[in-house]
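First the structure, in the form of structure tokens, and then the observations on it.
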Amino acid sequence: MIRYFYLLLFVFFTFNTIFANQIDIGIFESQTIPDQIEVKIRPDFNIQANETVTAILYTVRWNDPSISITAQYIYPFFVAPQGAPVEYNDYYYQVFAAVPMIAIPMNANEEYLVSSFTYTNGECANFEIIEDEWTQSNNGNVYLEFIGVEVTGIIYEPDVSFGSTGGIISGNDTIFFGNTTGPLNLYLYNGNILTWQRKINNGNWYDIPGTTGLDVFEETPTGTGLWKYRVKVQYNSCPEVFSDSLELIVVTTIELNLKIYLEGPYNNLQMSTMLNSSGLLPLLQPYNIPPWYYSGGENVSDIPNTDIVDWILVEIRETEGDASSATNEKTVDIKAGFLLNNGQITDITGSNKLTFTSAFIVNHFIIIWHRNHLGIISSQPISVLGGIYSYDFTIGSGQVLGESTGYIELESNIWGLAAGDSNGDQIVNMSDKVDSWESYAGLFGYFGADLKLDGQVYNQDKNDIWLKNLGVESQVP
């Protein structure tokens, strides 16, 4: 019985190991035989002499109707074309497959030739191992099987190009009006660069004068909106092709999509809105006093919705270095807004994101200030997509500079600002108790000593929060 148990355990781990393995595939130009294309596989595990790659399937496509191919059968795989090539959307598709094959040993991370074909009239050809709409609907996606278990890996070399290849452009996707596009780089192209082109909003594509031969281009857009760039490429006498296009949004304002939690009012992915429901939230932003001295005039005639927890202060600092170099003199903008009970930060409408008009050039870091919680700064520069800069501070301690030093895990893998800093000096110490809590204990209102943000200054603020966080200090530089 014990032997039977260990046998089952051995089989279990053996098959789990097999499931973790994969075999990659790629397509190459033959280095020894003219006009021949080769397909190779690359296992990431050792294959023994008595083990077999039991099935292989892939599709090659090319772009020239004058091309014809002749397949060779490589021992011991014997991969063969499945039917005749099929034309679809100006491409020709040929499915190749083999099952079963003869077992041979293979070493991990080495390449093995499994099939090849010679071609005619391929001076301008692009051959690819492809997975697209046609292969998906015709069972032509890459598939590899090893002793009955699927081990399909990646297509690690997807194409062989002899003709014109447009390539890909890399660069910014959002800039402020008045700034340059930054370097737009063309790579993975084959041929001569004839011209760059631009398209503005819904207009037509136009050639950009003076861009012949440039694989890096930069300009200053003359207006806002969506600017698109592409490159026209031609190899010898082959047909001209275009690169993939790059979209660049030129904006005058940016939006911040931010999420934070405050320890004091936090409870199960929500925060209390007691200050709001009790009518205690001020109509003018409260950070116009020491130590913040923020002079912004954000105000409302009424608190705009019932989901608002409190006022919050958001600062942006810009630096060429990392977060530790984003010191006070690096401030480029600051604005007050509202914090909602789900952690989102809004402007004074209570629904729209905070917007800023400062143009960001290098690394920009976000700082969050609150009246009685320790300030935090993002550990990484915020990233932009479509004019919106997003940062979620709640998903881990690594989101802020200093990590768990000055930052609190509210529940498993949920993090928030540490409460207890009643006087806003960015350290939880005795002065928060003596100068603040003791002065307001027993009172009901909008006070810094109300660490739970429920409108009441009482022992729970001191015992449950201040005492627990005593000695904790903000890591904002």
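Any read-out appearing in this document is the output of simple, stated calculations on the displayed coordinates, not a laboratory observation. Keep in mind the model is a prediction, meaning the values are calculated, not measured. Backbone-built Cβ (ideal geometry, glycine too); neighbour counts: all protein chains shown.
Taking Lys330 as the anchor, which aspartates and glutamates have their alpha carbon closer than 13 Å to its alpha carbon, excluding any fewer than eight residues away along the same chain?
Hits, sequence-local ones excluded: Glu315, Glu318, Glu320, Asp322.
Using every alpha carbon pair in the stretch 168-251, what percent of pairs falls into each 5 Å bin from 0 up to the bin containing the largest distance?
Each 5 Å bin holds this share of Cα pairs: 3, 16, 28, 25, 17, 7, 3, 1, 0.
Rg and Dmax of the stretch 340-477 over Cα atoms: what are they, in angstrom?
Spelled out, the Cα radius of gyration and Dmax of the stretch 340-477 are 16.2, 49 Å.
In nm, to one decimal, how far is the Thr306 label point from the Asp207 one, both placed 7 Å along Cα→Cβ?
6.5 nm
Take Lys199 and Asn107, extend 7 Å from each Cα along the Cα→Cβ direction, and tell me the distance between the two endpoints in nm.
Going by the 7 Å Cα→Cβ label model, 5.0 nm.
List every residue whose amide H lies under 5 Å from the amide H of Ile376, counting only residues 5 or more places away in sequence or on a different chain, with H placed 1.01 Å from N in the peptide plane.
Long-range HN contacts for Ile376: Ile368.
For the chain, report the translational diffusion coefficient in µm²/s to the nearest whole number, using Stokes-Einstein at 25 °C, 0.890 mPa s, and a Kirkwood Rh over Cα pairs.
89 µm²/s
The stretch 2-161: percent of C-alpha pairs farther apart than 19 Å?
Pairs farther apart than 19 Å: 55 percent.
For the chain, take the longest principal axis of its alpha carbons; what is the angle in degrees between that and the long axis of helix 2-20, to the nearest 10 within 0 to 90?
The helix 2-20 is inclined about 90 degrees to the chain.
Suppose the chain between Gln31 and Ser358 were pulled fully straight at 0.36 nm per residue; how much longer would it get relative to their current alpha carbon spacing?
Going from the current span to full extension adds 112.2 nm.
Please report the relative contact order for the stretch 168-251, taking Cα pairs under 8 Å with a sequence separation of at least 6, and give it as a percent rounded to a whole number. Don't skip to the end; give the middle numbers.
Details: 200 pairs, mean separation 32.0, N = 84.
So the answer I get is 38 percent.
Too long at a 31 Å Cα-Cα cut-off: which of Lys232/Lys353; Lys259/Lys433; Lys353/Lys433?
Flagged as over cut-off: Lys232/Lys353; Lys353/Lys433.
What list of ³J(HN,Hα) values in whole Hz, one per residue of the stretch 418-426 in order, does the Karplus curve 6.51 cos²θ - 1.76 cosθ + 1.60 (θ = phi - 60°) give from phi, with Gly and Pro shown as x?
The phi angles translate into 6, 8, x, 8, 4, 9, x, 8, 6 Hz.
Go through the stretch 158-175 residue by residue and turn each phi into a ³J(HN,Hα) via Karplus (6.51, -1.76, 1.60, θ = phi - 60°); whole Hz please, and just put x for glycine and proline.
x, 8, 10, 10, 10, x, 6, 10, x, x, 10, 9, 10, x, 5, 10, 8, 9
Taking only DSSP H segments of four or more residues, each worth -39500 (n - 2.57), what value at 222 nm results for the chain once the sum is divided by all its residues, to the nearest 500 deg cm²/dmol?
Here the helix-only value at 222 nm equals -1500 deg cm²/dmol.
Gain in length, Val434 to Met274, computed as 0.36 nm per residue apart minus the alpha-carbon separation, to one decimal in nm?
Fully extending the segment from Val434 to Met274 adds 55.1 nm.
Working out 0.36 nm times the residue gap between Tyr143 and Thr252, then minus their Cα-Cα distance, what length gain in nm do you get to one decimal?
The span from Tyr143 to Thr252 would gain 34.4 nm if fully extended.
Report, by chain and number, residues whose modeled amide H sits under 5 Å from the one on Ala103, excluding near sequence neighbours (fewer than 5 apart, same chain).
none
Suppose every Lys and Arg Cβ carries +1 and every Asp and Glu Cβ carries -1, with no other charges. What dipole size does the chain come out with about its Cα centre, to the nearest 20 debye?
340 debye
In whole Hz, with x marking every Gly and Pro, tabulate ³J(HN,Hα) for the stretch 201-217 from phi via Karplus 6.51 cos²θ - 1.76 cosθ + 1.60, θ = phi - 60°.
Calculated HN-Hα couplings, in order: 6, 9, x, 8, 7, 10, 5, 9, x, x, 10, 4, x, 8, 9, 10, 9 Hz.
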